[in-house]
Each structure stands twice: as C-alpha cells, then as structure tokens.
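Written below as structure tokens is the structure these notes are about.
The values are calculated or read from the model by the stated rules, or taken from the named source; none is laboratory data. This structure is a prediction, so every number in the text was calculated from the model and none was measured. Every residue, glycine as well, gets a Cβ built from its backbone with ideal geometry; the counts of neighbours run over all protein chains shown.
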Amino acid sequence: MKSFRWMAHLYRTASEPPDELFEKVVRRLQITGEMMRLTVFIPGRLSELGWCERVMGICREYIRNHSASGPCINTGAPKGSADRCEPSDLSVDAIVQEVTPQAKLWIPNELYNELTSRIVEFIGEQHLD
C-alpha cells in the first residue's frame, strides 16, 4: 500500500475520492496481484524511458565531485590527493540522499499517465466506482 501512497498526493484534488475508496482500491490491487504487476512494471518502464541512465549520470557526477578520482575543485589539490576519499569509501546513503530529489523530478510524466490509466482501467474492471 505504501508504494502507491506517494503517487496519490500528486493526483488528489478537491474532487478526490474519499480515503475509504482509495484504501479499497489499494486493497483490491494487493489482493488481485495487480499491485505486484505494477511494481514490476515500473523499473522496466523507467529504464525504457531513459530515467535510469540519467540517474546513473548524476550518481557518477556526485562520485567524481566528492572523491579523489574526480577533479579536486574544493581544495585545488591534485587528482588522487589524500585529503579526499576513494570512490569506494563514499557511502551509498550519501549518494542516495544527494541524488533522490533530482531523480524524483525526472520521473517521466508518461509513466505517471500510464500508471493512472492502468489503475483507472483496473477500477472499471473491478466495478469499484
């Protein structure tokens, strides 16, 4: 249920369905296995739309700018200087924290539209309206 909660606030408006209906749809998505199918669909579609490559690019840039393998723009020290860590010493958490805001902005609207269409179609098939 939590995996789609983040998406719900993007689409909810003054004419939004009540929370009970939202919860009912989410439960039905889970019970029928449609939630799992959508969850499996998302990463592949993100990759097809080029999102993964863009995110990998900003990860590489972060590593270059925050490790000894990159240009030492902060200190002016030569590449590989001892005052900067090795790329393998950078924490994954630090990279994720830095990259996540931009990565979220880059999620293609096309994916949101496809997910919305699939969920609306599912609701119609399940007679949940």
Can you pull out the residues in segment 100-129 that are surrounded by 11 or more Cβ atoms within 10 Å (Cβ to Cβ) and in a loop (DSSP other than H, G, I, E, B)?
TRP106, ILE107, PRO108, LEU128
Can you name the helices (runs of 4 or more DSSP H) wholly within segment 1-81 that have at least 1 residues being at pLDDT 65 or above?
19-32, 34-48, 51-65
